[in-house]
Amino acid sequence: MIGQTISHYRIIEKLGGGGMGVVYKAEDVTLHRFVALQFLPDTLVKDAQSLARFQREAQAASALNHPNICTMYEIGEHNGQPFIAMEFLDG
């Protein structure tokens, strides 16, 4: 995925992964800022419960405003693969 553009985000590097997805550092080419993009794994995309949990987590986090919680920018989908765009915090 490195080098691909998803929506208006250009993927720069993979940051990590786990049970609920893979996270990439990307550049928002419209606003010229770095973001973190989390993609739901292919194995969970067709699981309705996992997809609902992914969306609930994004909605819950977007309702919070706290220095220790990253800001959610967008929940979207690219070629059938859901993603969350959020604040990129270095480190």
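Top mean-square fluctuation among 25, 14, 46, Gaussian network model of the chain, C-alpha springs under 10 Å? Greatest mean-square fluctuation among the candidates belongs to 46. Between 35, 88, 58, the Cα set farthest toward the positive side of the dipole of the stretch 26-91 (charges on each charged residue's Cβ, about the Cα centre) is that of 58.
From its DSSP helices (H runs of at least four residues, each -39,500 (n - 2.57)), the chain gives a residue-normalised ellipticity at 222 nm of -6000 deg cm²/dmol.
With both labels modelled 7 Å from their Cα along Cα-to-Cβ, the residue 5 to residue 20 distance reads 3.0 nm. Averaged per residue, the stretch 14-79 has 66 square angstrom of accessible surface, using a 1.4 angstrom probe with ligands and nucleic acids left out.
Between residue 53 and residue 13, the contour length at 0.36 nm per residue exceeds the alpha carbon distance by 11.9 nm.
With contacts taken as Cα pairs under 8 Å at a separation of at least 6 residues, the chain carries a relative contact order of 22 percent. Net charge in the neighbourhood of residue 72 (other residues with Cβ under 10 Å of its Cβ; Lys, Arg +1, Asp, Glu -1) is -3. Of the accessible area of the chain, computed with a 1.4 Å probe over protein heavy atoms only, carbon and sulfur atoms account for 49 percent.
The values are calculated or read from the model by the stated rules, or taken from the named source; none is laboratory data. Here the structure is a predicted model, which is why all the values come from computation and not from measurement. Neighbour counts are summed over all protein chains in view; Cβ atoms, including those assigned to glycine, are modelled from backbone coordinates with ideal geometry. The area values use the complete protein model at the heavy-atom level, side chains included, leaving out ligands, DNA and RNA. Shrake-Rupley method; radii C 1.70, N 1.55, O 1.52, S 1.80 Å.
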